[in-house]
Amino acid sequence: MNFFTTGQVPLQAYLLVAAFLFCIGIWGLINSRNAVRVLMSIELMLNAVNINLMAFSSYLDGDLIRGQVFTIFVITVAAAEAAVGLAILLSLYRNRVTVDMERFNLLRW
Amino acid sequence: MTFAISTELICFLVLAAVVVVGAMAVVLLENIVYSAFLLGGVFMAVAGLYLLLNASFVAAAQVLVYVGAVNVLIIFAIMLVNKRENLEPIRGLQVRRLLSGGVCLSMLALLVRVVALTDWALPGPPAIGEEATARIGEHLFTDYLLPFELASVLLLMAMIGAIVLARRDVLVQDVVTGDPVSQGLIEKSQPPLLPDQPTS
């Protein structure tokens, strides 16, 4: 790896940061009991995917930056997802008066 | 190692550390309000990473949409549902955390292995740098025109859906018990956030 000789930030470094962020997001998604924190974990995972897209777009597709266009679309969808998710959360809270994920068991089999 | 390259390296290391440590804190901190504000910090650090990748437009969009809209929305949701509740303990919580931690660590190991062993087609074509914004505009109005228009429809649907879901008088009866739900009673049963000031 030429990382230690030139000191330039390699593509792999960005991918590693994104991998860490994605795994932290998944862990939080599974283990959070507060429903708002679940939404935050989803945002973390979306950001990890965005970092991957941007790194590939900059290092492997430098002239046609298609990854940046995809990142903009992902940001759009994430904003829509956050708005609908928080509206669902508010509606749940109004019916259940709790945000504990363990008590949202209407669909438990 | 020139000065510019070492500056880039130091910036990358600092931003990566902020992203990873901030994300851990978002997931692990007990207080949800701290988590929300740290999430804003993580989003800003990710925008900094985009700036390092020569993508000023996407960095600006990240700051505007994530920090300006999503994070504020999350903080508002916390404010609206912020009731101190003692979560009742559940059986085997530690086992569950350890198991899921093991699964996540093994997935991390898999990802790291893929990153390290794949033969990336480096170096790619030369980056266009600051012309990226103009190039994104060309993409959005030529070959990505259909997704661009669909995104506007998606945003409209999400806006209407959020309004409909968050309205007060949608459900007239409880789904489980069948009792009529009085939306006012739920809120009146809690102490008001701002008690009335005595008028003099």
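The values are calculated or read from the model by the stated rules, or taken from the named source; none is laboratory data. Note that the structure is a prediction, hence the values are computed from the model and not measured. Note: ideal-geometry Cβ built from the backbone for every residue, glycine included; neighbour counts use all protein chains shown. Just so you know, the surface numbers come from the protein's heavy atoms only, side chains and all, with ligands and any DNA or RNA stripped out. Shrake-Rupley method; radii C 1.70, N 1.55, O 1.52, S 1.80 Å.
Worth pointing out:
- Buried area at the A:B interface is about 7800 square angstrom, summed over both chains, from accessible surfaces computed with a 1.4 angstrom probe.
- The order of the peptides B:66-75, B:111-120 by mean Cβ neighbours within 10 Å, most packed first, is B:66-75, B:111-120.
- Phi angles of region B:34-41 translate, via the Karplus equation with coefficients 6.51, -1.76, 1.60 and θ = phi - 60°, into HN-Hα couplings of 4, 4, 5, 5, 5, 4, x, x Hz per residue; Gly and Pro are given as x.
- Chain A: relative contact order in percent, alpha carbon pairs under 8 Å with at least 6 residues between: 26 percent
- With 5 Å bins from 0: P(r) over region B:31-153, alpha-carbon pairs, percent: 2, 8, 9, 10, 14, 17, 15, 11, 7, 4, 3, 0
- Share of pairwise Cα separations in the protein assembly as shown, more than 25 Å, in percent: 56 percent
- Convex hull volume per residue, computed on the Cα atoms of region A:6-109, equals 110 Å³.
- Accessible surface of the protein assembly as shown, 1.4 Å probe, proportion on carbon and sulfur as whole %: 70 percent
- Burial ranking of peptide ranges B:140-146, A:47-53 (average Cβ count within 10 Å, highest at the top): A:47-53, B:140-146
- Given charges at beta-carbon only (K, R positive; D, E negative), |dipole| of chain A in Debye: 500 debye
- Å² per residue, accessible surface of region B:22-111 at 1.4 Å: 55 Å²
- Shielding of peptide B:49-60 by partners, expressed as the average count of other chain Cβ atoms within 10 Å per residue Cβ, is 5.
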